[in-house]
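One structure is given here, and the rest of the page talks about it.
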Amino acid sequence: MASLLQIDLGPDRKRRVVGIDLGTTNSLVAYVGEDEQPAVIDVAGDGIVPSVVAVLGAGEVVVGRKAKEHLFTDTDKTVYSVKRLMGKSYGDIERDSHLLSYRLAPRREGLVRVEIGGTEYTPIELSAMILRDLKARAEEHFGQTVTAAVITVPAYFNDAQRQATKDAGKLAGLDVLRILNEPTAAALAYGLDQQRKGIVAVYDLGGGTFDISILKLELGVYQVLSTGGDTYLGGDDIDQAIMGRLRAELAERHGLSEVTLTELQQLRDAAERAKQELSSAEQSTIAIEFATSGISFRRTMSRQELEEIARPIIGRTIEPCRSALRDAGLTQADIDAVVLVGGSTRMPLVRQTVEEVFGRTPFDSLNPDEVVALGAAIQADVLSGNRRDTLLLDVVPLSLGIETVGGMMSVLIPRNTTIPTQVRENYTTFVDNQTGININVYQGEREFVRDNRQLASFTLGPLPPLPAGMPKIEVAFTIDADGILRVKARDMRTGAEQEVDVRPSYGLTDEEVERMLRESIERAQEDITERMLVESRTEAETLLQATRKTLEKHPELIAPEEREAIEEILGRLAESMAGSDHREIRSITDELDHATEPIAQRVLNSSVQQSLEQRKIEEV
Amino acid sequence: MPDYFEFMGFPRQIALDQEKLQRRYYELSRDYHPDFHMQGDEEARQKSLENSSLLNQAYRTLNDPYERARYLLALEWPDLPEGEKKKIPPALLMEVMEMQEKVAEAQFADDPAKKEEIHRELLDIEARLKIKTDGLRAELDRLAESWSALPEGTDRAGKQATLGALNTLLNTRSYLRTLLATIDAAVRGGKGVRH
């Protein structure tokens, strides 16, 4: 899909494609120059852009080092580590949302949102702000517009998180040519630098995520054999553990049990500083002056104490390393080199852990902060058609499957399958005149779908009324080179392409992204609140009508207490529509949508008299 | 069904040179991979996605000796009756029954000492089954040899003996794997049936 911001450069001007490392803590943009070597784009010698965004009102957005200054002065308007929120629901981040020094919008179904100055922002929008800044940096450097990029993500990112990152790029006016896995990018930079063959393990521990990838390097070929990780494990967790200890002491020594957002931010900053200092020093002094309460907090921390705090967190990286080895069919002895990536690998305890797991000293002469961006730049060069000496074969990190009888997960594409990959499945109807077949797609390794992450849900149809078993629909599940799912269906009797409306369960539809894009452009000129109000009313009205109609038409499908609950929501919705709070209308609309979901399912089921459980045609 | 052998330019053999296969895989990837077709139009990009997906599956299948043999069997004997595919190999019948008995015993044993004894017996069976599994490789190599020795244009009847033996071997392997997974589940609480 073309982005509105995409500008046609004309045939005589070479299109610049950059590589972007959109990190939890820091972000970088790099490119491959005339000398065919990748380089980070810097401004006055500084190539690192802290992934911090301050939204100061009236559309004033500050990014990077300048935004970092606002962490203490405009704490509730300054957002960091937004990558940890990408593609996440409220349930996902529950356990440490209280440690954030910015506010999340009230809990709801679906994706997490951040609230700044009364406006809600999706992590996608906030990431787009960082990307826009990186884009501007590159444009300033080249003196021309930059419209396309390769953006890196943790290898263990699921479909929703990848899609969210791609959407952020789109929103920033970038044509995202590829979503590239961070450890793979690092291996590219390492391979180019070292010109080596063999089996390489990339251990990538960043601010918020952990990845382990095992690759086979051979004459310009980078074949990923297996990957593993945890997208919620990184330096931030160590900071938070230190903060926890400091907070307990504050309460004990100074009776300060409730802290303000700014104080929380001061604690976070002190924890991070101490952790970093202790990578080279044996001892660090923590000193915080709390302005509001007048408390002056001081204590020292030794490396040994830090390691005590960090050990259980770093220990969580060991099992993914072992299973990646197992999945690759290898043992410790097969590994020729271990490459360290990510700021957290500066910690001596991390190095020690890596040495124990892989039985060798890790390779560390590449800058762990830059290596991912450099690899992304190389891949950008490949995708621009400038380079054919590099071939990258990556894998899908998580198994993809569909729900079958009893809520079991039936795996279609196992984890660590090389991408792109495609699986075709045949479906038919179970009862006469069945008009649709429901398919729920999941990602994860657990046996029951309820323990995995739902990716999408769609209905094949409308099908013409036929006896059971007659329709033959072939569905092609494709995971593209970005690791993102695409679905296509074909009616095998007619050969006609079957329309499939894939509704992402966690993520935004193309329409939503388009809308956000329009909004971000128009925000300055238009009264956004007014438009949102109109939109929310229209949406509410549509659902309200549909619900009333169903209540009338299918009284037998609705239990009395269910009806009562729905009537109550309907009353509140009608009332809110008379008012002018679009957020209230939206949230009650969502509530109604949620409450009527089971009924919709029942209506669908009853129209075909029996359950809609599809029966797969046995492939022979 | 696409012919992976043909697609990757290899003869339809049970044995093949894996190093050569990998080289060919990399070569073809350079032709088909979406990375090298970004400048093309929508149709060219779609074609590259399909070809590349097919290539990845072909390589995955042909690179594993047993997957390759199973695939060859499906190509050569498409009408192989469903029952034939799942028949318990007679040589394994005894083991299957003995093991099932032990697993059931282990489940209902209350006495820890008794339970441990059964576990030990199961581990003995496991060791035996593992040796059997490892031994299948030599049998596969033998079949690969007799398959490649068949003259060009051999008819179905002439192939039957080798294909039948191949089917038995693949069945035996599936059963052994299931048995091993069952023991793993009983003794170590593993996940059970694996494919």
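Structure notes:
- 3J(HN,Hα) along region A:91-108, derived from phi through the Karplus expression 6.51 cos²θ - 1.76 cosθ + 1.60 where θ = phi - 60°, amounts to x, 4, 10, 3, 5, 10, 5, 6, 8, 7, 9, 10, 9, 8, 5, x, 4, 7 Hz, with x in place of Gly and Pro.
- Here the scattering of region A:112-248 is modelled by Debye summation over its C-alpha atoms, one equal scatterer each and no solvent; at q = 0.10, 0.11, 0.18, 0.21 Å⁻¹ the log10 of I(q)/I(0) is -0.45, -0.54, -1.14, -1.24.
- Cα-only Debye scattering, region A:276-384: base-10 log of I(q)/I(0) at q = 0.17, 0.19, 0.21 Å⁻¹: -0.96, -1.08, -1.18
- Note, ³J(HN,Hα) from phi for region A:195-202, Karplus 6.51, -1.76, 1.60, rounded to Hz, x at Gly and Pro: 6, 10, 10, x, 9, 10, 9, 10
- Long-range HN-HN contacts of A:Val395 with modeled amide H, under 5 Å: A:Ile419
- Paramagnetic reach from B:Thr154 in region B:3-43 [backbone N under 15 Å; point 7 Å along Cα→Cβ]: B:12-15
- Residue-level accessible surface for A:Lys553, protein heavy atoms, 1.4 Å, Å²: 140
- For A:Asp334 and A:Glu69, a Förster radius of 51 Å and the Cβ-Cβ distance give a FRET efficiency of 0.60, rounded to the nearest 0.05.
- Average partner coverage of A:383-393, which counts Cβ from other chains inside 10 Å: 4
- log10 of Debye I(q)/I(0), alpha-carbon scatterers only, for region B:18-62 at 0.17, 0.22 Å⁻¹: -0.46, -0.68
- Separation of alpha-carbon centers, region B:69-86 and region A:165-205, rounded to whole Å: 42
- Placing pseudo-labels 7 Å out from each Cα toward the beta carbon at A:Ala574 and A:Glu355 gives an inter-label distance of 7.4 nm.
- Where a label projected 7 Å from the Cα of B:Gln39 along Cα→Cβ would reach, residues of region A:30-44 with amide N under 18 Å: A:32-36
- Stokes-Einstein D (µm²/s) once Rh is taken as the Kirkwood radius of region A:345-451 over alpha-carbon pairs, at 4 °C in 1.567 mPa s: 70
- Accessible surface, 1.4 Å probe, highest first, among residues A:Leu261, B:Leu176: A:Leu261, B:Leu176
- Based on protein heavy atoms only, region B:1-112 ends up with 56 Å² per residue of surface accessible to a 1.4 Å probe.
- For a label point 7 Å along the Cα-to-beta-carbon line of B:Asp31, residues of region A:418-436 with backbone N under 18 Å: A:420
- Computed from the C-beta positions of A:Lys488 and A:Asp432 and an R0 of 25 Å, the FRET efficiency is 0.40 to the nearest 0.05.
- Amide H contacts under 5 Å for A:Thr429: A:Gly469, A:Met470, restricted to partners 5 or more places along the chain or on a different chain, H placed in the peptide plane at 1.01 Å from N.
- Over region A:405-474, the ratio between the Cα radius of gyration and 2.2 N^0.38 Å evaluates to 1.28.
- Shielding by other protein chains, A:412-422, mean Cβ within 10 Å: 4
- Of the solvent-accessible surface of chain A, computed with a 1.4 Å probe over protein heavy atoms with every protein chain present, carbon and sulfur atoms account for 47 percent.
- 24 Å Cα-Cα threshold exceeded, pairs from A:Lys197/B:Lys20; A:Lys197/B:Lys130; A:Lys472/B:Lys87; B:Lys86/B:Lys132: A:Lys197/B:Lys130; A:Lys472/B:Lys87
- Karplus-derived 3J(HN,Hα), 6.51/-1.76/1.60, for each residue of region A:70-78, Hz, glycine and proline x: 7, 4, 9, 8, 10, 3, 6, 10, 10
- Counting only other chain Cβ atoms within 10 Å of each residue's Cβ, the peptide A:147-155 averages 0.
- Förster radius 45 Å - calculated FRET efficiency between A:Glu535 and A:Arg273, Cβ distance, rounded to 0.05: 0.50
- DSSP H segments from chain B that extend 15 Å or more along their own axis, Cα-based, with Kyte-Doolittle mean of -1.0 or above: B:65-76, B:90-108, B:112-149, B:156-188
- For region B:9-34, a drop of 10 Å² or more in accessible area on going from the chain alone to the assembled protein chains (1.4 Å probe) is found at B:Gln22, B:Tyr25, B:Tyr26, B:Ser29, B:Arg30, B:His33, B:Pro34.
- Rg/Rh (Cα only; Kirkwood hydrodynamic radius) as it applies to chain A: 0.98
- Here's how it looks for A:Val338: its modeled amide H is under 5 Å from those of A:Ala201, A:Phe363, which are all 5 or more places away or on a different chain.
The values are calculated or read from the model by the stated rules, or taken from the named source; none is laboratory data. This structure is a prediction, so every number in the text was calculated from the model and none was measured. Every residue, glycine among them, receives a Cβ derived from its backbone with ideal geometry; neighbour counts consider all protein chains shown. Accessible surface is based on the protein model in full, side chains and every heavy atom, while ligands, DNA and RNA are left aside. Shrake-Rupley method; radii C 1.70, N 1.55, O 1.52, S 1.80 Å.
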